[in-house]
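The values are calculated or read from the model by the stated rules, or taken from the named source; none is laboratory data. The structure presented is a predicted model; accordingly, all values stated were derived computationally and were not measured. Every residue, glycine among them, receives a Cβ derived from its backbone with ideal geometry; neighbour counts consider all protein chains shown. The area values use the complete protein model at the heavy-atom level, side chains included, leaving out ligands, DNA and RNA. Shrake-Rupley method; radii C 1.70, N 1.55, O 1.52, S 1.80 Å.
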2 protein chains.
Amino acid sequence: MTSAPYASRERSTKERILGAAEALFATHGFAGASLRQVTAAARVNLAAVNYHFGSKDKLIEEVFRRRLDELNSRRLAALGKVAGLDETRLEDVLDAYIRPALDLSRTDGGGAAFVRVLARAYAEHNETLRRFLSDNYGHVLRQFATEFARQLPGLAKEDIYWRLDIVTGALTYAMADFGIIQRKHEVAERDHREVAAEHLIRFAAAGLRAPSVSNSPATR
Amino acid sequence: MTSAPYASRERSTKERILGAAEALFATHGFAGASLRQVTAAARVNLAAVNYHFGSKDKLIEEVFRRRLDELNSRRLAALGKVAGLDETRLEDVLDAYIRPALDLSRTDGGGAAFVRVLARAYAEHNETLRRFLSDNYGHVLRQFATEFARQLPGLAKEDIYWRLDIVTGALTYAMADFGIIQRKHEVAERDHREVAAEHLIRFAAAGLRAPSVSNSPATR
DNA sequence: GTTTCAATCAAACGATTGTTTGAGAGTACG
DNA sequence: CGTACTCTCAAACAATCGTTTGATTGAAAC
């Protein structure tokens, strides 16, 4: 029923499709990667996508759900270990937010590609996709916002959300490695992301601790 | 020769195509927006794109060049007014970097759409496009890096580039309005971006002033 | 008036798109 | 055995893609 019909030779057809789709969506975009490219890379018949997922759009959704469920629970688990504690520093909360994304990008199963897919999702600005992400991410972001608010009593709730958005943008951009400045080639990919996470946490912690904008409106 | 054949009724065919392409690329992506959609929106014959630009790829390049040339020179002009001066604060340099992007997104001619196109370009991760941006943006970024280094003598050159990348990522995503948290509908678009710029500058200034990562490697 | 040339137009080009079809293979259950 | 069911496959579907063609327009040059 739920298991494969006969002992699968390596990975199931569905998983092979998801993996190939993830990689191709990352490099060519959702519209740019065709189902023929995907099925060829997965060494699967063209009709398999519509048979297993129903349509290309459903396949895209499934690519997200597979990783986001994991990323969601990991972030919440990490947050649960530090939330509400007296000795918790701001950096610990940031680490709970950033580190799971970093770990995801280092999984052997192609999670690195998904980080780029996620960055594309933000760029898509598609209302359907946005609602999908909001439904799956909204409550996680709210929990983090609560803990950030506890760490930063001087900030208004609105400021918190603004800065979390900024952190998310910077995180997405950095994890997807969109830098204009070329990296040295001798630096390995995973070392690169590790360094990126350090810089991000350091930068974001200082940015979050900045004086409130709302309390001092005379900025310009 | 360079002028229109007869007094143009409103805007030239090339300009109408560029405007329509910019808007459609922003919402549907480069692969997602077809030339038939573009030419229909511009009220222009389908063949006009290939006649005036040669191909779809060349059209994409031209969409970038039109705005980037302006953004480039505005940023350098703003930087020139504050660079090297004793009374210049870090926030002034950041303002020179961020404000022109904000102004661009408020132009009536659809510059707001271009900001989203720019965000897409980063997500594209296309090597050709990356080189194009690096050629047009590289020297600007280097000049800003020099001034930032002057303002932040405690930071290593590598730290400067890392943090400039972070600022660029946060700027790109904030300006393109990719926030997961829904905004209040009563807030107008241009007010929204104005507030975004204030938050960004405040956040980025504090982040840039954070202690160097390189000088204290014991982060985790 | 005639030539010249840039610009626009409808129509078609072959290639590729997502999706559907119907036959066939292979396992499980009775 | 036969029936049932899941999955795979080659082939075709209509639609849409970027691009090209050849005719036609209209103003400028001579």
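Of the candidates B:Gly84, B:Gly80, the single residue that is of a type outside the set (S, T, N, Q), away from DNA strand D (no atom under 16 Å from the Cβ) and assigned to a helix (DSSP H, G or I) is B:Gly80. Is segment A:128-138 home to any residue that is farther than 21 Å from A:Leu76 by Cβ, more than 11 Å from every other protein chain (Cβ to nearest Cβ) and open to solvent by 30 Å² or more (accessible area, probe 1.4 Å)? Yes: segment A:128-138 contains one or more residues that are farther than 21 Å from A:Leu76 by Cβ, more than 11 Å from every other protein chain (Cβ to nearest Cβ) and open to solvent by 30 Å² or more (accessible area, probe 1.4 Å). Looking only at residues in segment A:60-79 that are more than 11 Å from DNA strand C (Cβ to nearest atom) and within 14 Å of chain B (Cβ to nearest Cβ), which one is surrounded by the fewest Cβ atoms within 10 Å (Cβ to Cβ)? For segment A:60-79, the residue satisfying everything is A:Asn72. Listed by first and then second residue, the pairs linking a residue in segment B:38-52 that is within 9 Å of DNA strand C (Cβ to nearest atom) to a residue that is open to solvent by 70 Å² or more (accessible area, probe 1.4 Å) and part of a helix (DSSP H, G or I), with Cβ atoms under 7 Å apart and 6 or more places separating them unless they lie on different chains, are B:Leu46/B:Arg36; B:His52/B:Lys14.
Annotation for segment B:93-101: at least one member residue is surrounded by fewer than 18 Cβ atoms within 10 Å (Cβ to Cβ), part of a helix (DSSP H, G or I) and of a type outside the set (Ser, Thr, Tyr).
Being modelled with pLDDT under 95, within 10 Å of DNA strand D (Cβ to nearest atom) and either over 30 Å from B:Leu164 (Cβ atoms) or surrounded by 18 or more Cβ atoms within 10 Å (Cβ to Cβ) (or both) is a property that B:Ser8 lacks. Restricting attention to segment A:139-167, the residues being within 18 Å of B:Tyr122 (Cα to Cα) and either surrounded by fewer than 18 Cβ atoms within 10 Å (Cβ to Cβ) or more than 7 Å from chain B (Cβ to nearest Cβ) (or both) number 1.
Within the bounds of segment A:13-34, is there any residue that is within 10 Å of DNA strand D (Cβ to nearest atom), modelled with pLDDT under 95, surrounded by 14 or more Cβ atoms within 10 Å (Cβ to Cβ) and of a type in the set (A, V, I, L, M, F, W, C)? Yes, because at least one residue in segment A:13-34 is within 10 Å of DNA strand D (Cβ to nearest atom), modelled with pLDDT under 95, surrounded by 14 or more Cβ atoms within 10 Å (Cβ to Cβ) and of a type in the set (A, V, I, L, M, F, W, C).
I need the full set of residues from segment A:36-59 which are assigned to a helix (DSSP H, G or I), of a type outside the set (S, T, N, Q) and open to solvent by 20 Å² or more (accessible area, probe 1.4 Å), in order please. If you could, list the steps in order and put the result at the bottom.
Residues of segment A:36-59 assigned to a helix (DSSP H, G or I): A:36-41, A:48-52, A:56-59.
When the remaining residues are screened for being of a type outside the set (S, T, N, Q), the result is A:36, A:38, A:40-41, A:48-49, A:51-52, A:56-59.
Those that are assigned to a helix (DSSP H, G or I), of a type outside the set (S, T, N, Q) and open to solvent by 20 Å² or more (accessible area, probe 1.4 Å): A:Arg36, A:Ala40, A:Ala41, A:Tyr51, A:His52, A:Lys56, A:Asp57, A:Lys58.
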